[in-house]
Amino acid sequence: MRAAASTILMLLAILLAPAAVRTASAELLGPYKDDLFTYPKALETGDGGAYLSVDYRSERDINQRDEIPEKRVYSRYVDLAPRRVQQDLNLVTDVGRIPHVAVGEREGAKFIVVYVHGQGGSRLQGMNDFTFGGNFNRIKNLAARNGGLYLTVDFSNFEAAGASQVSHLISTYAGASPRAKVFVACGSMGGRICWALAADKRVVPKLGGLLLLGSHWDNSFLRSPAFQARVPVYFGHGGADKVFPVEKQEAFFRSILARDPNYPARFVRFETGSHGTPIRMVDWRHTLNWMASASR
């Protein structure tokens, strides 16, 4: 009798649990070092909560976070366990060999995250555990701990050939994980690949979201299959970006909302941040959980 009563009480506790607790358990990605990677203090919000400006400061967010500024983060920010499930691979396709690195479940993944580097980068950039404040290590851990797959990729250029290679990589791994949504994060010039994928009718049904990190705009997105499918888009941008001015990216973000006020788009501006700041500062867990809920 006592066992039965205990079971009933446990079931009642679950059913009566606060909504916030039940929601957290249903999130795609569970907590991991959230206290270290959450956004700094909000300075401004707008567009119904879709726009956020945060208090980024290099003396705190670089110098107090990195043991060697911009080269090696303090050890408390990293966990190297994902290296046990990390593989450097080559995919052979009809568009050539596609070198890439994979962390996590290569079949039956719950979700897939693909990082596309910018000019001068390589597949190794997004696998470096210690640069960019340990933020790549965090996404590796989030993938490995939550049944996901994280991929970084080399490609021939930022034009059609490179976009085709990334498209083939996505199609291959999405085929092995048919229930997984694919989230593509593009840094800087890599945004050309993101916008090309948004126009690819073969890829769009697989997309769970696009992340533009210190990247650029593309007005053709407003006519793309991804826009029509309402694929979520996240913009992270440094307030002092000298490569792609933040004002132009903000204007593009608002052009999306002008076309569709309820479109799932978010913009995070890192005040005083430079071109590479969004890669260091994007809150992967917060962003991917939002995208997953917005694309259901």
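The values are calculated or read from the model by the stated rules, or taken from the named source; none is laboratory data. Because the structure is predicted, anything quoted here is derived from the model rather than measured. All Cβ positions, glycine included, derive from the backbone under ideal geometry; neighbour counts span all protein chains shown.
Look at (1) out of contact with any helix residue (DSSP H, G or I) (no Cβ under 9 Å at 6 or more places or on another chain); (2) assigned to a strand (DSSP E or B); (3) hydroxyl-bearing (Ser, Thr, Tyr) and you find that Ser122 fails only one, number (2).
The requirement of being charged (D, E, K, R) and part of a helix (DSSP H, G or I) is fulfilled somewhere in region 223-235, by at least one residue.
Output the number of residues of region 252-292 satisfying the condition of being among the small types (Gly, Ala, Ser) and without any contact (Cβ under 8 Å) to a residue 24 or more places away in the chain. Give the steps one after another, and end with the answer.
In the first step, residues of region 252-292 are kept if they are among the small types (Gly, Ala, Ser); the result is 255, 258, 265, 273-274, 276, 292.
Filter again for without any contact (Cβ under 8 Å) to a residue 24 or more places away in the chain, leaving 258.
Number of matching residues: 1.
Condition test on Ser58, is it modelled with pLDDT of 95 or more, surrounded by 14 or more Cβ atoms within 10 Å (Cβ to Cβ) and within 22 Å of Val233 (Cβ to Cβ)? Reasoning before the result, please.
On the way: modelled with pLDDT of 95 or more: yes; surrounded by 14 or more Cβ atoms within 10 Å (Cβ to Cβ): yes; within 22 Å of Val233 (Cβ to Cβ): no.
Spelling it out, it is not the case that Ser58 is modelled with pLDDT of 95 or more, surrounded by 14 or more Cβ atoms within 10 Å (Cβ to Cβ) and within 22 Å of Val233 (Cβ to Cβ).
Yes or no, residue by residue, for (1) in a strand (DSSP E or B); (2) exposed (fewer than 11 other Cβ atoms within 10 Å of the Cβ); (3) over 22 Å from the mean Cα position of the chain (by Cα):
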{"position": "Leu36", "(1), (2), (3)": "no, no, no"}
{"position": "Pro40", "(1), (2), (3)": "no, no, no"}
{"position": "Leu43", "(1), (2), (3)": "yes, no, yes"}
{"position": "Leu52", "(1), (2), (3)": "yes, no, no"}
{"position": "Asn63", "(1), (2), (3)": "no, no, yes"}
{"position": "Arg76", "(1), (2), (3)": "no, yes, no"}
{"position": "Arg83", "(1), (2), (3)": "no, no, no"}
{"position": "Asp88", "(1), (2), (3)": "yes, no, no"}
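Applying the selection to region 180-216, what residues are assigned to a helix (DSSP H, G or I) and either surrounded by fewer than 24 Cβ atoms within 10 Å (Cβ to Cβ) or small (Gly, Ala, Ser) (or both)? Within region 180-216, Ser188, Met189, Gly190, Gly191, Arg192, Trp195, Ala196, Ala198, Val204, Pro205, Lys206 meet the criteria. Mind listing whichever residues of region 242-296 are farther than 23 Å from Glu70 by Cβ, among the hydrophobic types (A, V, I, L, M, F, W, C), assigned to a helix (DSSP H, G or I) and touching a strand residue (DSSP E or B) at 6+ places or on another chain (Cβ under 9 Å)? Phe252, Phe253, Ile256, Leu257, Leu288, Trp290, Met291, Ala292, Ala294 - these are the residues of region 242-296 that are farther than 23 Å from Glu70 by Cβ, among the hydrophobic types (A, V, I, L, M, F, W, C), assigned to a helix (DSSP H, G or I) and touching a strand residue (DSSP E or B) at 6+ places or on another chain (Cβ under 9 Å). Restricting attention to region 15-34, the residues that are closer than 28 Å to Ala143 by Cβ, assigned to a helix (DSSP H, G or I) and either small (Gly, Ala, Ser) or at pLDDT below 50 (or both) total 7.
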